[in-house]
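Please treat every number below as a calculation from the coordinates, not as lab data. Being a predicted model, the structure only gives us computed values, none of them experimental. Counting neighbours? That spans all protein chains shown, and the Cβs are built from the backbone with ideal geometry, glycine included.
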Amino acid sequence: MQSESPSLVSLDAIRAAAARIAPVAVKTPLLRADFPGVSGRGTGVEIRLKAECLQPIGAFKIRGAANKILQLSPAQIARGVITYSSGNHAQGVAYAAREVGAKAVIVMPSNAPAVKRAATLALGAEIVDVGVASSERLAMAEELVRKHGYIVIPPYDDDQIIAGQATCGLEIVESMPDVDLVVAPVSGGGLLSGVAAAVKQLSPKTMVFGCEPELAADTAESFRAGKIVTWPAELTSRTIADGLRTQSVGVRNFAHLQAFVDGIVTVSEAEIRAAMRAIVAATRLLPEPSGAVAAAALLFHAHRLPPFRAAVAVVSGGNVDPALLAEVLTESLP
């Protein structure tokens, strides 16, 4: 017998999540981005950036983590929570766990950015280090669950996580009802699956695209193939976009992508860096590389996207290493 396809997150579940996380996450603004030659006065094109880098932890991950953790029972909270993350989900779990008084344990890869590691520790979490492969993180988390009974807060492949991330899409349509294109980054798929579920159920005519680095394009390949494809860690770890190095998209997430996403484009490392500079110049936001990939799609690959007049790119995070940001902002242009 074939296993049943995962159920899709409903609009009611997304609205319930929005109400639940309201005391923890913030409704982030849509900032106008006048990119020279692309959008702004005289172009007929309006681009807005969904500034998830302005969340309390500097990234969208607080949405899903809070939605999951705020539904735990007192007995589950007493057991503590655990997750596996390169940084932003780690901070989301640590932040939400602190809100409810739960112990938080984070399994983190050895190549996680120091700025994200320090922020996670500052929120009171305990960090367990492993190698660079996402599979290593999962294996260690499962071992610790067996030993200590922690409650797992998955980074993306979970209905409550997806519903929490979907509140980002809910806010986009509520703030910009005439939006005709939404672009979001994708790795494990939590953000894109949630945003697409919300946008398509509220505004079916709006096109939703994912964007991924060329050097970690497992989801783009999976989308084309119609089945989940896994890339080895030595490939996905090449990209500067450390938040997008997951080796394969989640099962539940992929079901949402197949149901609600219109396409996925990929961008180069140079385009990610150029998009970071463009975002800083246009809005004064400070995006991390992962947070700039959606804008890179609009800036450099509009020919691969549907025609649009009003588009939103999700700036998923701003937890960028200061030295890397300085390097990107001051490097010579090609």
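Result for the chain in a Gaussian network model with C-alpha springs under 10 Å: among 116, 68, 147, the largest mean-square fluctuation is at 147.
Quote the relative contact order of the stretch 61-152 in percent (integer), defining contacts as alpha-carbon pairs under 8 Å separated by 6+ residues.
So the answer I get is 31 percent.
If you compute Kirkwood radius over Cα pairs in Å for the structure shown, which of [x] 20.9; [y] 19.5; [z] 20.2 do you land on? Evaluating Kirkwood radius over Cα pairs in Å on these atoms matches [y]. Run the reach check for residue 27 against aspartates and glutamates, Cα to Cα strictly under 15 Å, same-chain hits fewer than 8 apart removed. What comes back? Within the straight-line cut-off, residue 27 pairs with 52, 171, 174. Cross-link pairs exceeding 24 Å between alpha carbons, from the set 61/200; 68/116; 116/147; 147/227; 68/205; 68/103: 116/147; 147/227; 68/205. Counting other Cβ atoms within 10 Å as a rough exposure proxy, the listed residues 136, 288, 327 run 327, 136, 288 from fewest neighbours to most.
Take every Cα pair under 8 Å whose residues are at least 6 apart in sequence, average their separation, divide by the length of the stretch 205-299, and the relative contact order is 34 percent. Maximal additional length on extending the residue 214-residue 27 stretch stands at 64.2 nm, based on 0.36 nm per residue less the C-alpha distance.
About the centre of its Cα atoms, the stretch 61-152 shows a dipole size close to 200 debye [charges on the beta carbon of Lys, Arg (+1) and Asp, Glu (-1) only; nearest 20 debye].
Please work out whether the stretch 61-152 counts as rounded, prolate or oblate from its C-alpha gyration tensor, where a ≥ b ≥ c are the square roots of the eigenvalues and a/c under 1.5 means rounded, while otherwise a/b larger than b/c means prolate and anything else oblate? Judged from the Cα gyration tensor, the stretch 61-152 comes out oblate (a/c at least 1.5, b/c at or above a/b). When only the Cβ of Lys, Arg, Asp and Glu is charged (+1, +1, -1, -1), the dipole of the stretch 194-334 relative to its Cα centre reaches about 640 debye. Here the Gaussian network model covers the chain, with springs between Cα atoms less than 10 Å apart; of 255, 33, 114, 114 fluctuates the most. Cβ-to-Cβ counts within 10 Å put 47, 21 in ascending order as 21, 47, the fewest first.
Of the residues 101, 87, 8, the one whose Cα sits farthest towards the positive end of the charge dipole of the chain is 101 (charges of +1 on Lys and Arg Cβ, -1 on Asp and Glu Cβ, taken about the Cα centre).
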